[in-house]
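Some notes on the structure that comes next.
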Amino acid sequence: MTRLCDKTLGDLPGSVVRPRYDRAGVIPGIVHLGIGAFHRAHQAAMTEAVLNAGARDWGIRAASLRSPDTRNALEPQNGLYTLAVRDGGPEQLQVIGAISDVLVAPESPRRLIDALLAPSTRIVSLTVTEKGYCHDPASGTLDEAHPDIRHDLNDISASRSAPGLIIAALAQRRAAGLKPFTVLSCDNLPGNGRVTHRVLSRFAALVDPGLGAFVTNELVCPSGMVDRIVPATTDADPLTVSSALGMSDAWPIMTEPFTQWVIEDRFTQGRPEWELGGAEFVSDVAPFEKMKLRMLNGAHSTFAYLGGLAGHVFVADAANDPLFVSLIERLWAEISPTLPQGAGLDPAGYAQKLLARFRNPALRHRLSQIAMDGSQKIPQRLVNTIRERRASGAPLLFLPLAIAGFLRYMAGKNDAGGPNEINDPLKAMFARASEQESPELAATQMLAIEPVFGDLLRDDVIRNAVVSQYQRLASLGARATIQASLS
Ligand code: CS2
């Protein structure tokens, strides 16, 4: 089978959408760090709309900070790949041309730094996942003891973390009299721009106080709320997509029709007209991100842990199970009052749409994919919410159940006695904390893990609520505990 690439674009079937612009004439204005599936379905797709409308200076050079897999798949395809939009009806296929090439940082940090130094690079965007910020998730400050941060501070020219690479480039831009690029986080963190700015300023100050002041004063990091459900590509996906294309694509991306991006309009060197792809620009993104992180991601994580304990495998399994639907509806009812009032949000309407998205029959979205890195996700998805709910004096039942579900999952075994799939930088810490004589002690020790829970343990009401749900989970299992909480 021929391979998807610039030369074969013209041979695609007429139903497949393809770049309407001359790719050779595009200048890369963006360097993107973290070329995962999410970026390829979200920002790159919105940028494609801008390029299709005739803009020439916003191409993307992407970089992987770890494995060469994406580069290996996309290089023979000149960076082209297929985006397959699925909702159970006929699949919509679009070949995206926005990414010109993929750099692999561990192979050559120098090439990546050079790309960051190019005067044409005006935006550096990031999808490096929550843990890629090398911060303490509960406080949002740089984790100075993080092995990658220590490594990069020791030799910044050999940096391997996102903060190290960005600061290495900014130091050189400053020395060369070039303006800093705008750094745009596209990860699911609250105030992701503020976190990015804080982490980068601190890292720079540790390198050199003058550089620290430069980054603090000159670097601009807008916050943004990103949303599109993008399950990991399965082994079967390239085969079905390639057969629809009539040529092979080694790494297509599967997603849903829904896409949303709400961004603070603070860019120091211009920006693409991402409105053309559906993005919204606002002065304050906080209400949107709170609703998204708490309602969507909070529900996702709750499904991942309680669903995982109960033996569900995919999001759609849980979203079609009446018990889990009742669980999530009651959870949303506890979350909604914590959302900003008067900001024009409609949590009830939002929740209804979420359930339909979760039920998308064509997305094979694994709960274990969502369960990954829970220690980095739970603070913004559930812990901040329970704190605010508690501060208002409102009753707590389903938020403690969701947090207890996370703890129970991290303790290692599902309700059938099998192992949970745990992929988390704090896995060992949770395993140690959970090895106690009683479920009560296990839950208490895990709640004492400060990078995740801060001082939550000191609040007796929250602690008792979480510990008692944990005890029920340990003795009854997830299904019966959910049932008992509903009645
Ligand atoms: C998910 C998110 O993997 C996860 O943790 O909750 O990736 C989720 O699918 C996206 O945030 C949706 O926008």
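The values are calculated or read from the model by the stated rules, or taken from the named source; none is laboratory data. Just so it is clear, the structure is predicted and the values come from calculations on it, not from any experiment. Cβ: placed from backbone, ideal geometry, glycine included. Neighbour counts: every protein chain shown. These area figures cover heavy atoms from the full protein model, side chains too; ligands, DNA and RNA do not enter into them. Shrake-Rupley method; radii C 1.70, N 1.55, O 1.52, S 1.80 Å.
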May I ask you to evaluate 6.51 cos²θ - 1.76 cosθ + 1.60, the Karplus curve with θ = phi - 60°, for each residue of the stretch 449-457 and list the ³J(HN,Hα) values in order in whole Hz, giving x for glycine and proline? 6, 5, x, 9, 10, x, 9, 3, 4
Residue-ordered couplings for the stretch 156-166, obtained by feeding phi - 60° into the Karplus form 6.51 cos²θ - 1.76 cosθ + 1.60 and rounding to whole Hz (Gly and Pro as x), are 5, 6, 10, 4, 10, 8, 4, x, x, 5, 5
Taking the Cα centre of the stretch 369-487 as the origin and placing charges on Cβ (Lys, Arg +1; Asp, Glu -1), which of Ser485, Gln376, Ser468 is farthest toward the positive end of the dipole? Ser485
How large is the convex hull of the C-alpha atoms of the stretch 184-242 per residue, in Å³? 127
Expected-Rg normalisation [2.2 N^0.38 Å, Cα atoms] applied to the stretch 1-115: 1.06
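When you have a sec, figure out the Kirkwood radius of the stretch 340-425 from all distinct Cα pair distances and drop it here in Å to one decimal? Show your work: numbers first, answer last.
Numbers: mean 1/r = 0.0650 Å⁻¹.
The answer is 15.4 Å.
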Treating every alpha carbon of the stretch 376-487 as one equal point scatterer without solvent, the Debye formula yields log10 I(q)/I(0) values at q = 0.21 Å⁻¹ of -1.21
Return the ratio Rg/(2.2 N^0.38 Å) for the stretch 392-455, where Rg is computed over Cα atoms only. 1.17
From zero up to wherever the largest Cα-Cα distance of the chain sits, split into 20 Å bins and tell me the percent of pairs in each. 23, 55, 21, 0
So for the stretch 200-294: antiparallel DSSP bridges make up what percent, rounded to the nearest 5? 50
Can you tell which of Asn320, Ala431, Leu355 lies farthest toward the positive end of the dipole of the chain, using +1 and -1 charges on the Cβ of basic and acidic side chains (Lys, Arg; Asp, Glu)? Leu355
Restricting to the stretch 6-282, what percent of DSSP beta bridges are antiparallel, rounded to 5? 30
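Only Lys, Arg, Asp and Glu count, each charged at its Cβ (+1, +1, -1, -1), so figure out the dipole size of the chain about its Cα centre, rounded to 20 debye.
On the way: 48 positive and 51 negative charges, 35 e Å.
Its charge dipole is roughly 160 debye.
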Per Stokes-Einstein, at 37 °C and 0.692 mPa s, what whole-number D in µm² s⁻¹ belongs to the stretch 149-297, with the Kirkwood radius over Cα pairs as the hydrodynamic radius? 185
To the nearest 10 degrees, how steep is helix 460-476 against the longest Cα principal axis of the chain, on a 0 to 90 scale? 80
Can you give the Rg to Rh ratio for the stretch 83-202, taking only C-alpha atoms and Rh from Kirkwood? 1.04
Express as a percent, rounded to the nearest 5, the fraction of DSSP beta bridges in the chain (both residues included) that run antiparallel. 30
If Rh is defined by the Kirkwood formula over all Cα pairs and Rg also comes from Cα, what ratio Rg/Rh do you get for the stretch 6-282? 0.97
Show the residues, 5+ positions off or on another chain, whose built amide H is closer than 5 Å to the amide H of Asp101. Ala62
Cα-based Rg (one decimal) and Dmax (whole number) for the stretch 241-367, in Å? 17.6, 51
Give the angle, between 0 and 90 degrees and rounded to the nearest 10, that separates the Cα long axis of helix 322-335 from the longest principal axis of the Cα atoms of the chain. 80
Tell me, what ³J(HN,Hα) does each residue in the stretch 266-282 have, in order and in whole Hz, if you take phi through Karplus 6.51 cos²θ - 1.76 cosθ + 1.60 with θ = phi - 60° and put x for Gly and Pro? 10, 10, 7, 10, x, 7, x, 7, 5, 3, 4, x, x, 6, 10, 10, 9
Given 10 Å bins starting at zero, what is the percent of C-alpha pairs of the stretch 239-298 in each, up to the one with the largest pair distance? 18, 31, 26, 21, 5
Take the solvent-accessible surface of the protein heavy atoms, probe 1.4 Å, and return the percent of it on the chain that carbon and sulfur atoms account for. 51
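Once the cut-off is 22 Å, how many percent of the Cα-Cα pairs in the stretch 286-486 end up in the long-distance tail? Before the final figure, lay out the partial values.
Numbers: 8528 of 20100 pairs.
The share of Cα pairs beyond 22 Å in the stretch 286-486 comes to 42 percent.
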If you count only protein heavy atoms with a 1.4 Å probe, what accessible area per residue comes out for the chain, rounded to a whole Å²? 39
Values of log10 I(q)/I(0), in the order q = 0.22 Å⁻¹, for the stretch 113-182 under a Debye, Cα-only, solvent-free model: -0.98
